Amino acid sequence: MRLDAYDPGGFYDELFAAAGQPRPGASLLVENLKALPEGELAMRQQAAEKALFDLGITFNVYNSQAGLERIFPFDVLPRIIEAAEWDLIERGLRQRIQALNLFLSDVYHEQRIVRDGIIPGELIRSATGYRKECRGLNPPWGVWCHITGSDLVKDADGKLYVLEDNLRCPSGVSYMIGNRQVMKRAFPQIFGAINPRPVEDYPSRLLDMLQFLGPRGDQAPVVAVLTPGTQNSAYFEHSFLAQQMGVELVTGSDLVMRDGWLNMRTTRGFKRVDVLYRRIDDDFLDPLTFRSDSMLGVPGLMEAYRAGRVAIANAPGTGVADDKVIYAYVPQIIKYYLGEEIILPNVDTYMCWVPEQQKYVLEHMAELVIKTANDSGGYGVLIGPHATSAVLAEWALRIKDNPRNFIAQRTLSLSRSPVMIDGQAEGRHVDLRPFALYGRDIHIMPGGLTRVALKKGSLVVNSSQGGGSKDTWVLPANPLTGGGL
Amino acid sequence: MLSRVAESVYWIARYIERAENVARCVDVSLQVALDAPGGMGGQWHSLVAATGDAARFAERYGEEGTGSDLLSTDVAARDAVLHFLTFDTTSPNSILSCVTKARENARQVRGVLAMEAWEHLNRFYHMLVSPDARRRAVESPHDFYSSIRSASYLFEGILESTLSRGEEWNFLRLGRYLERADQTSRILDVKYFILLPDPGQVGSVVDDLLWTALLHSVSGHEMFRRRHGRILPEKVVDFLVLDREFPRAVLFCLLQAEESLLSISGTPMGSFRNTAEKRLSRLRSTLAYSTVEDIIGRGLHEYLDELQTGLNGVGMGIFESFFALDGPTGNQQGQQQ
């Protein structure tokens, strides 16, 4: 493997400061990789892909023939995060999640943040994720966002930004675990030498957190994972997490309310469910409260939730904070609730509902990334520098038509990391989705899913848009304590 | 265990067992056709009758003897029947339909079965849908249908050696053995019906070739020879219905199914707690206290007909007792019997 020949180009590279010059945290890795015989890395890449397929770590592709599964493309070169950088990420995410949780609680109670003039009430009410039905709800322990998967990116100067917070049903954690399992098999010596912090305890921590929410207190709470079903693109992850936690994977039709309590239909009759880790959207949770045509949820669930008879993770209504216009206020939200300055900054965001900002956006469309306020998964994004003038004109009309629904951000020069392409290392843009659990306290899993835009030059890392992933190695606090070869 | 999961697991076993039995019947019939002077005649049609889909077949390919082009020659009839039983996705009991449904059910309960079991089922399915499969089915049918039987053996073997002996395992066995009991009785019924339409003639005609083929179709020829020696129709009936040791005999299957059913609810042998248990134990004891003379006196066809009605009743009892706690859920209103 000719890592010497790898040229990071004009980009910030996660492993190399310059051609042939690994960053301090990556030097041990690069040294070890260079020691591998020619062709070995490509062989291990193939072995890793085979292992992922055998493990069944696949995703469904929407609109494809039923039952079609693909593996999420995987790259064998890990991304390295040094201890000091991780420390910043951890503190930054903890701060954001704590503040956003206080914000959610406030939004559905007094709305002090509106009364105090920080955020216009109209913006909250018009957010697609805002659920007026959730007013006055008191989730167990005051926690709304139990599982968070914020997306982080690095700009050309190596500075970290939060791109979005994903407080609803973030997915990808099964790939984080699968990638790690595969890497441990493929590179046991290198892994042992570098000793990255573990992430495979995620299912245990998830179960602990979910059980902590149990309303009955004394007994071991019964947890279930609620999935929309096999057609969902993340179905593999739902079944994987249920299996790893040793809990039932249920669909709406397995659940029924009886005398105000949530039950599942089992071969031994009805069985109480105390905690529901739901992987379906708010809209589908309960046809009596939300969308009445939903077949995926349980009629009457929200009433039991309101009465404290069942816990739901994440709490319904968290989507309001995923609105990209609300996101623009996160620095103020942190300041307002915690009295602190933001640690992990937002990407500068222009809100098109503000006339001056809209004017700026329309004049600079070709330089900006424009997003609709409520989409995710890489949909509803216009990358100005890559767009034709016809598309720009169309988006300009859409912005003027519904300014509330659009924001714009500076186009970042996303950092890159070397990726194996046809046996050679080539630079590709990456982002990072670390996963956080919020129960008794906030725990950030050290690592996360590094997503890669496999298409040359592409900035879109989503799995539905041709993205892949690689393992993320967070170095131990003191690298000298790592095991030797 | 979730009712939905139990139902899926039960049906996975049934569908795979069904696919295996269809493959067995087809394979044996193909071999008989090679031996039979002047071809198989109505034998091809009897294969369809064994799956209980004669009406659906007639709808699709026309009736035999009515000048339907699709069935005009023995070869045409053979091809139509083989396609119908193997690859026709409009036929719910074709091998491909059964394996597709088993796989769909397995997808819904991923994580309940061992990863190898899912992988194997996935490969089984992909083997059947590959273009190569259709070519092999025509060019080397024996190899092709044997590979289906082997795939079913392997699936059963993986489950037997990886699955904890809990409810999941018992629901799988329940499905497998009820389906097998049903299939064996159907095979016997159809073959017998053709060989000896009049119950009064039992023992008067012995078509050694066809009775041997019948035993081969349930992989029972060697076991039968060791137990009974000469091939006599009543001995074959005795062996396939009332044997307690041959693993494809109806009584053997019912004993296994009963054991699993009672283990699911922890009910002691000799008592019952729900409709399914009541019906299965009653059916099993009817067989356990019968002799082949009783069967032939009653009339084999009549007897098998009642047996199949009884098995259907057990299936419905299982649905009511375990899968539909408060009526059908709208999700899976019981899969196809």
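Pairing residues of segment B:75-88 that are within 14 Å of B:Ala49 (Cα to Cα) with residues that are part of a loop (DSSP other than H, G, I, E, B), at Cβ distances under 6 Å and at least 6 apart in sequence or on separate chains, gives B:Phe84/B:Ser91; B:Leu85/B:Ser94.
Kindly indicate which of A:Ala313, A:Ala242 is surrounded by 22 or more Cβ atoms within 10 Å (Cβ to Cβ), of a type in the set (A, V, I, L, M) and at pLDDT 95 or above. Give the derivation first.
Details: A:Ala242 fails: at pLDDT 95 or above.
Every option except A:Ala313 fails the conditions.
Answer yes or no as to whether B:Arg4 is surrounded by 21 or more Cβ atoms within 10 Å (Cβ to Cβ), at pLDDT 90 or above and either within 19 Å of the chain's Cα centre (by Cα) or among the aromatic types (Phe, Trp, Tyr) (or both). When the stated conditions are applied, B:Arg4 does not pass them. Restricted to segment B:100-175, the set of helices (runs of 4 or more DSSP H) holding at least 1 residues that are over 22 Å from A:His238 (Cβ atoms) and among the hydroxyl-bearing types (Ser, Thr, Tyr) comprises B:141-162.
Quick one: would you say A:Glu248 is surrounded by 20 or more Cβ atoms within 10 Å (Cβ to Cβ), of a type in the set (Asp, Glu) and in contact (Cβ under 8 Å) with a residue 12 or more places away in the chain? Considered against the rule, which asks whether it is surrounded by 20 or more Cβ atoms within 10 Å (Cβ to Cβ), of a type in the set (Asp, Glu) and in contact (Cβ under 8 Å) with a residue 12 or more places away in the chain, A:Glu248 comes out as yes. Looking only at segment B:268-276, decide whether some residue is among the aromatic types (Phe, Trp, Tyr) and modelled with pLDDT of 95 or more. No - not one qualifying residue is present in segment B:268-276. Please find, within segment B:104-150, the residue that is nearest to the chain's Cα centre (by Cα) out of those that are away from chain A (no Cβ under 14 Å) and touching a residue at least 60 places away in the same chain (Cβ under 8 Å). Residue satisfying both the conditions and the ranking: B:Arg149.
Here is a yes/no grid of residues against (1) among the aliphatic types (A, V, I, L, M); (2) at pLDDT 70 or above; (3) over 25 Å from B:Ser260 (Cα atoms):
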position: B:Asp182; (1), (2), (3): no, yes, no
position: B:Val190; (1), (2), (3): yes, yes, yes
position: B:Ile194; (1), (2), (3): yes, no, yes
position: B:Pro199; (1), (2), (3): no, no, yes
position: B:Leu209; (1), (2), (3): yes, yes, yes
position: B:Ala213; (1), (2), (3): yes, yes, yes
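What strands (runs of 3 or more DSSP E), lying completely within segment A:398-467, carry at least 2 residues that are aliphatic (A, V, I, L, M) and within 18 Å of the chain's Cα centre (by Cα)?
Ranges flagged: A:424-433, A:436-438, A:442-444, A:449-453.
In segment B:223-235, the residues that are farther than 18 Å from B:Leu209 by Cβ form no Cβ pair under 6 Å with any partner that is among the basic types (Lys, Arg) and in a helix (DSSP H, G or I), whether six or more places apart or across chains. Listed conditions (1) within 21 Å of the chain's Cα centre (by Cα); (2) in a helix (DSSP H, G or I) are all met by A:Glu122, apart from (1). Counting only helices (runs of 4 or more DSSP H) wholly contained in segment A:125-242, the ones carrying 3 or more residues that are among the small types (Gly, Ala, Ser) occupy A:173-186.
Mind counting the residues in segment B:148-168 that are surrounded by 19 or more Cβ atoms within 10 Å (Cβ to Cβ) and either of a type outside the set (A, V, I, L, M, F, W, C) or over 27 Å from B:Ala80 (Cα atoms) (or both)? Give the derivation first.
First pass over segment B:148-168, keeping only residues surrounded by 19 or more Cβ atoms within 10 Å (Cβ to Cβ): B:148, B:151-152, B:155, B:158-159, B:167-168.
The next check asks that each one be either of a type outside the set (A, V, I, L, M, F, W, C) or over 27 Å from B:Ala80 (Cα atoms) (or both); those that pass are B:152, B:155, B:158-159, B:167-168.
Qualifying residue count for the region: 6.
The values are calculated or read from the model by the stated rules, or taken from the named source; none is laboratory data. Everything numeric here is computed off the predicted structure, so don't read it as measured data. Cβ atoms come from the backbone with ideal geometry, glycine included; neighbour counts cover every protein chain shown.
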